[in-house]
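Each reported figure results from applying straightforward, stated rules to the coordinates on display, with no laboratory input. Keep in mind the model is a prediction, meaning the values are calculated, not measured. We place every Cβ from the backbone using ideal geometry, glycine too, and count neighbours over all the protein chains shown.
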Amino acid sequence: MRHKQRGASYLGIFFAIVLAAFAVKLAVALFPPFWDDRIINMAISEALTTLPKEATQRQFKEDLSKRLEMNNIRNLKVDDIVQVTNNNAGLAVNKSYEVRELFFANVELVMTFKQDFNQSSLKTGGK
């Protein structure tokens, strides 16, 4: 009785390599913007908890700008990504921005980040 050998063909191995390369390229394109957003969220939370309730919008933006520069976030400007309003409970921050990353040739990945922060809820331990 003859048994045929089985295993991955050259074509199968080629497609596996192409698929792995695609996955790595996708991860390399997506990871930095999501990591930067995580750092931005932490910087906003820290700025809101350390600033007094009477802080102005300008003070908040200056503090946030320093924190972002310290964390090497230089490609996004504070005025472009956050809208700050004063209310009776302190500052309210609406973060909303979009990042476009070149993926391949004329294909871009578009990532949208949105989140609201409230100074009073952060100081009391809520979110």
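Some notes on this structure:
- Residues that are surrounded by 14 or more Cβ atoms within 10 Å (Cβ to Cβ) and farther than 22 Å from Val110 by Cα within segment 12-44 comprise Ala43, Ile44, listed in sequence order.
- You will find that of Arg2, Arg100, the residue that is over 19 Å from Asn118 (Cβ atoms), surrounded by fewer than 10 Cβ atoms within 10 Å (Cβ to Cβ) and of a type in the set (D, E, K, R) is Arg2 and no other.
- Qualifying residue in segment 55-68 (condition: of a type in the set (Asp, Glu) and in contact with a Ser or Thr (Cβ under 7 Å, 6 or more places away or on another chain)): no
- On inspection, Leu109 passes the criterion of being among the aliphatic types (A, V, I, L, M), surrounded by 11 or more Cβ atoms within 10 Å (Cβ to Cβ), closer than 30 Å to Val24 by Cα and in contact with a strand residue (DSSP E or B) (Cβ under 6 Å, 6 or more places away or on another chain).
- Here Ala47 passes the criteria (1) surrounded by 12 or more Cβ atoms within 10 Å (Cβ to Cβ); (2) part of a strand (DSSP E or B) except the one numbered (2).
- With respect to (1) under 17 Å from Pro32 (Cα atoms); (2) more than 20 Å from the chain's Cα centre (by Cα), the lone exception for Ala55 is condition (1).
- The set of residues in segment 64-99 that are free of Cβ contacts under 8 Å to residues at least 60 places away in the same chain and touching a Pro at 6+ places or on another chain (Cβ under 9 Å) contains only Gly90.
- When segment 61-98 is filtered for residues that are in contact with an Asp or Glu (Cβ under 8 Å, 6 or more places away or on another chain) and in a strand (DSSP E or B), the ones remaining, listed by number, are Ala92, Val93, Asn94, Lys95, Tyr97.
- Screening Lys53 on (1) charged (D, E, K, R); (2) part of a helix (DSSP H, G or I); (3) touching a residue at least 12 places away in the same chain (Cβ under 8 Å) shows it passes everything except condition (2).
- Qualifying residue in segment 86-96 (condition: under 30 Å from Phe22 (Cα atoms) and of a type outside the set (Phe, Trp, Tyr)): yes
- When Met70 is tested against (1) over 30 Å from Phe22 (Cβ atoms); (2) of a type in the set (A, V, I, L, M); (3) surrounded by 12 or more Cβ atoms within 10 Å (Cβ to Cβ), only condition (3) is not met.
- Count of segment 1-44 residues, restricted to those that are part of a helix (DSSP H, G or I) and hydroxyl-bearing (Ser, Thr, Tyr), is 1.
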